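The values are calculated or read from the model by the stated rules, or taken from the named source; none is laboratory data. Given the structure is predicted, the values throughout are model-derived calculations rather than measurements. Cβ atoms come from the backbone with ideal geometry, glycine included; neighbour counts cover every protein chain shown. Each accessible area value is taken on the protein alone, full model and side chains, heavy atoms only, with ligands, DNA and RNA left out. Shrake-Rupley method; radii C 1.70, N 1.55, O 1.52, S 1.80 Å.
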Amino acid sequence: MKHTYYTQGTCSQVIEVQTTGNIVDDVSFYGGCHGNLQGIAKLVKGMPIDDVITKLEGIKCGYKSTSCPDQLAQALKEVKAQMSTLDE
């Protein structure tokens, strides 16, 4: 499943997530700190969605209440919600 998430409160503006079942296949960030976000994308590739959410949710960037990793966790929560509606 491919999911596009429009971020809030971060330098990156869009996150595209590709998943198969409960596994993250690929992540692309648009905007933000390119090198760091490439690193995050490579680190989460192949991980279960719940593990990524657990590790990244709540991370803050400086004085902001969120961060690009936290926004990825939010995107993956949306993916899970969509998956559950497909199962109904």
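Taking a 1.4 Å probe, which of Leu37, Leu86 shows the most accessible area, and what order do the others take after it?
Working: Leu37 10, Leu86 130 Å².
If we order Leu37, Leu86 from most to least accessible, we get Leu86, Leu37.
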(message) Please report the carbon-and-sulfur percent of the accessible area for the chain; probe 1.4 Å, protein heavy atoms only, DNA, RNA and ligands left out.
(response) 53 percent
(request) Please work out how much accessible surface Lys60 shows to a 1.4 Å probe, ignoring ligands, DNA and RNA, in Å² rounded to 10. (result) 140 Å²
(message) Tell me the net charge near Gln18. Cut-off is 14 Å between Cβ atoms, Gln18 excluded, with +1 for each Lys or Arg and -1 for each Asp or Glu.
(response) -1
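Under the rule a/c < 1.5 gives rounded, and otherwise a/b versus b/c splits prolate from oblate, where does the chain land using the Cα gyration tensor?
Working: a/c = 1.75, a/b = 1.54, b/c = 1.13.
The shape class here is prolate.
Leaving ligands and nucleic acids out of the surface, order Tyr30, Tyr5, Tyr63 by accessible area at 1.4 Å, largest first. Could you put the intermediate results ahead of the total?
Details: Tyr30 105, Tyr5 25, Tyr63 205 Å².
So, going from the largest accessible area down, we get Tyr63, Tyr30, Tyr5.
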(request) Return the Cα extents of the range 2-46 along principal axes one, two and three, sorted largest first, each rounded to a whole Å. (result) 29, 20, 12
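Tell me, what is the per residue accessible area of the chain in Å², probe radius 1.4 Å?
59 Å²
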